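Below: one structure, written as structure tokens.
Quick note: the coordinates plus some simple rules give every number you see, no bench work behind them. Predicted, not measured: the structure shown is a model, and the values here were computed from it. Every residue, glycine as well, gets a Cβ built from its backbone with ideal geometry; the counts of neighbours run over all protein chains shown.
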Amino acid sequence: MVLIFFLISIHGFLAVSNPVGEGILVVEAWIPAKTLEESAIVFNSRRYRYLVVVGGPMQGSASNSNDPTTWADLAATRLEKLGLDTKKLVQISVPAVSFGRTLVGATAVKRWRSSRISVCCVDVFTVGAHARKSWILSRYALGDGYRVGIIAGSPDSYDPRFWLASRRGIWVVVRNLAGYMYWKFWIQFHGKLSPS
């Protein structure tokens, strides 16, 4: 019975949505295009001042090409085509990392926010089962000075209701559950984030 309850509820636990609804909407730029469209709808329907896309280099991108070279570039281009006000759109490109991409992005947002504007709140927009991990890492990186919310956009590679029937759904849930547990314990043992 416990195993059945766990399997039924784990996706909902990971794909959490608990938005503040104002301040800054931070979008993890690597999310699928359809989910990125959702972020524009969310931004326009609430009281956000800025939409910040954060992301690192895209694999196989050439620096001498006219094509976007980072996920932040690509997401910003897509959002501009959707009609998002460019005065409210901010791109933050982060370096390539082999581990801890979400934490690097959240830390970059803190550095940008600290040097430019004063807001009370940050909502992070990501995709599906990645939300719980993004939420704890964003709260950790941004610190106690902000209310940090989370919004889980819809995944496009599997149906969340039937994730157990999908190889992709199983992979996403298992990977994000392991990532969440790892970072949860890591934060407990490391305490506050250093300024660097």
Exercise. Please report the Cα spread of the range 67-148 along all three principal axes, rounded to whole Å, starting with the longest.
Key: 35, 31, 24
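Normalising by the residue count of the range 79-196, find the relative contact order in percent from Cα pairs under 8 Å and 6+ residues apart.
That works out to 22 percent.
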Self-check item: Selection from His11, Leu103, Gly83, by position along the positive dipole direction of the chain (Cβ)
Solution: Leu103
Practice problem: Mind ranking 40-51, 132-143 by how tightly packed they are, going by the mean number of other C-beta atoms within 10 angstrom, highest first? | Solution: 132-143, 40-51
Exercise. Please report, in debye to the nearest 20, how large the charge dipole of the chain is about its Cα centre when each Lys and Arg carries +1 at its beta carbon and each Asp and Glu carries -1 there.
Key: 440
Exercise. Quick one: dipole size for the range 1-61, taken about the Cα centre, charges +1 on Lys/Arg Cβ and -1 on Asp/Glu Cβ, in debye to the nearest 20.
Key: 120
Exercise. Report, for the chain, the % of DSSP beta bridges that are antiparallel, rounded to 5.
Key: 10
Quiz item: Which whole-Hz ³J(HN,Hα) couplings does the range 123-129 yield from phi under the Karplus relation 6.51 cos²θ - 1.76 cosθ + 1.60, θ = phi - 60°, glycine and proline marked x?
Solution: 10, 9, 10, 9, 10, x, 5
Quiz item: Taking amide hydrogens as modeled 1.01 Å from N in the peptide plane, which residues meet the under 5 Å criterion relative to Ile24, leaving out close sequence neighbours?
Solution: Arg49, Cys121, Val122, Asp123
Exercise. Please give the contour-minus-distance gain from Ile117 to Phe13: 0.36 nm per residue of separation, less the Cα-Cα distance, rounded to one decimal in nm.
Key: 34.2 nm
Exercise. Excluding residues on the same chain fewer than 8 positions from Lys81, give the aspartates and glutamates whose Cα lies under 16 Å from its Cα.
Key: Glu37, Glu38, Asp67, Asp73
Exercise. Determine, for Met58, Met181, the number of other Cβ atoms within 10 Å of each Cβ, and report the residues in order from fewest to most.
Key: Met181, Met58
Exercise. Calculate, for Leu82 and Phe189, the FRET efficiency according to 1/(1 + (r/R0)^6) with r their C-beta to C-beta distance and R0 35 Å; round to the nearest 0.05.
Key: 0.25
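At 37 °C and 0.692 mPa s, grab the translational diffusion coefficient of the range 125-172 from Stokes-Einstein with a Kirkwood Rh over Cα pairs, rounded to a whole number in µm² per second.
277
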